[in-house]
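See below for the structure under consideration.
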Amino acid sequence: MRIAESFDGDGVSGGEWLSTRGTDSDIVISSRVRLARNVRAHRFAVKADAEQRRAIEEELRYALGRVDFDEEMVYLDLEKASPIDAEMLVERHLVSRELARGEGPRAALFAPSETVCVMVCEEDHLRLQVLRSGFELDAAWRIADDLDDRIARRVDYAFSSRYGYLTCCPTNVGTGLRASVMLHLPALVYSKHIEKVFQAGSKMNLAVRGLYGEGTQALGDFYQISNQVALGLSEADVLERLNRVVPQFIDYERRLRQALLDGDRARLEDRIWRAYGVLRAARTITSEETLELLSAIRLGVNLGLLPSELTIESVNELFITSQPAHLQKLSAGKMEPRVRDVARANLLRKKLGAL
């Protein structure tokens with residue numbers, strides 16, 4: 001394990017989970033499995049004072065350093081890291097906003113492939129997360145389960161024979177499992193059928209959230225669908241429910257995409273090509289507008305309506321690199337919003353104009 005105080009990635013490419021190698025990756029961006037764990041005999045992080053949090057972080061840093069991971073891990077000390085580095089991890093979906101913007105001892109342990117990340121001293125002492133490209137929940141679970149066992153050999157988890165794993169939030173008590181998939185659903189949004197996804201999710205006790213999870217907006221037509229509670233459900237129950245419901249959303253989106261092509265192709269192509277034109281010509285553009293336009297372009301690439309040189313991988317990369325922290329990292333310094341908007345437009349023109 002290598003301990004770092006800054007994020008030394010190049011900020012250009014996303015992790016393996018953006019590679020589009022997974023199943024149904026035209027619609028499912030990624031699958032995520034997260035396990036919430038706490039250390040026995042310590043207060044929950046949200047109730048611990050600064051001295052207690054430091055003791056927890058130091059104990060976990062030592063323990064995680066002795067875990068046999070499959071690749072060398074980077075332990076980023078977020079108390080010492082810059083705000084830009086912390087926000088980059090949020091934009092790459094490795095850590096929560098709460099961890100990145102928190103105070104005091106806390107850290108993120110992640111693999112260079114960005115398939116595995118462990119949040120230290122967030123709401124819970126440990127949050128183990130596995131990300132996979134496409135609809136690969138079962139594969140993500142197998143990796144997470146194995147890593148959980150390895151960490152458990154070094155960390156004494158807070159566990160109740162009656163309730164299961166003890167967590168800060170009651171909805172996570174039991175397995176501590178939160179499984180989710182991130183879906184790109186532009187046709188459902190364009191056709192104004194997205195409300196049906198919310199209704200179906202609610203009936204199945206599934207949460208439908210925005211791009212960065214709880215409390216965030218569905219920017220760029222991206223939606224995260226996850227289990228709402230862990231208590232009273234086994235890991236198999238949680239995974240089975242998502243594995244049963246998500247394919248229905250995928251099929252619904254695909255049918256609507258085809259219906260748009262068959263029934264209103266000219267308007268669909270106009271929307272996609274206008275988005276392509278704006279991104280190739282804009283001199284200043286916000287991150288919100290960029291996400292919306294890239295969503296249209298991603299749909300156009302998947303439907304074969306844009307030049308073949310433009311790939312889903314390159315579009316996925318732009319979703320990440322056009323975000324505020326990544327732009328500032330590439331520019332080696334903090335930038336005001338207006339300056340970022342100009343830099344973003346320059347980046348997009350450069351990337352899309354080269355194709």
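Read-outs throughout are calculated quantities, based only on the coordinates presented, and are distinct from any laboratory measurement. Not measured: the values here are computed from a predicted model. Neighbour counts run over all protein chains shown; Cβ positions are idealised from the backbone, glycine included.
For segment 2-181, count all C-alpha to C-alpha pairs, find those more than 23 Å apart, and express that count as a whole percent of the total. Mind dumping the intermediate values first?
Working: 6135 of 16110 pairs.
Here the tail beyond 23 Å accounts for 38 percent of pairs.
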Of all DSSP beta bridges having both residues in segment 2-181, the percent classed as antiparallel (nearest 5) is 90
Rounded to whole angstroms and listed largest first, the alpha-carbon spread of segment 314-355 along its three principal axes comes to 29, 16, 14
Rounded to whole Å, √(5λ) for the Cα gyration tensor eigenvalues of segment 265-353, largest first, gives 24, 13, 10
One can check that the equivalent ellipsoid of the chain, built from the alpha-carbon gyration tensor with semi-axes equal to the square roots of five times its eigenvalues, has lengths in Å, largest first, of 35, 25, 16
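Quick one: putting +1 on the C-beta of Lys and Arg, -1 on the C-beta of Asp and Glu, what dipole do you get for segment 1-72 around its Cα centre, in Debye to the nearest 20? Before the final figure, lay out each step's value.
Numbers: 12 positive and 15 negative charges, 120 e Å.
Dipole size: approximately 580 debye.
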In whole percents, the bins of 5 Å from zero upward hold the Cα-Cα pairs of segment 138-257 as 2, 10, 18, 21, 18, 13, 9, 5, 3, 1, 0
Here the equivalent ellipsoid of segment 188-312, derived from its Cα gyration tensor, has semi-axes (largest first, whole Å) of 31, 17, 12
Over all pairs of different Cα atoms in segment 91-195, the reciprocal of the mean inverse distance gives a Kirkwood radius in Å of 15.7
Summing -39500 (n - 2.57) over every DSSP H run of at least 4 in the chain, dividing by its residue total and rounding to the nearest 500, the 222 nm mean residue ellipticity is -14000 deg cm²/dmol
Sequence order, segment 269-283: Karplus ³J(HN,Hα) from phi using 6.51 cos²θ - 1.76 cosθ + 1.60, θ = phi - 60°, Hz rounded, Gly and Pro as x, gives 4, 4, 4, 5, 5, 5, 4, 4, x, 4, 5, 7, 10, 4, 9
Across the chain, qualifying lysine pairs (alpha carbons under 18 Å, at least 8 places apart or different chains) come out at 4
Here the gain from full extension of Arg66 to Arg97, 0.36 nm per residue of separation minus their alpha-carbon distance, amounts to 8.4 nm
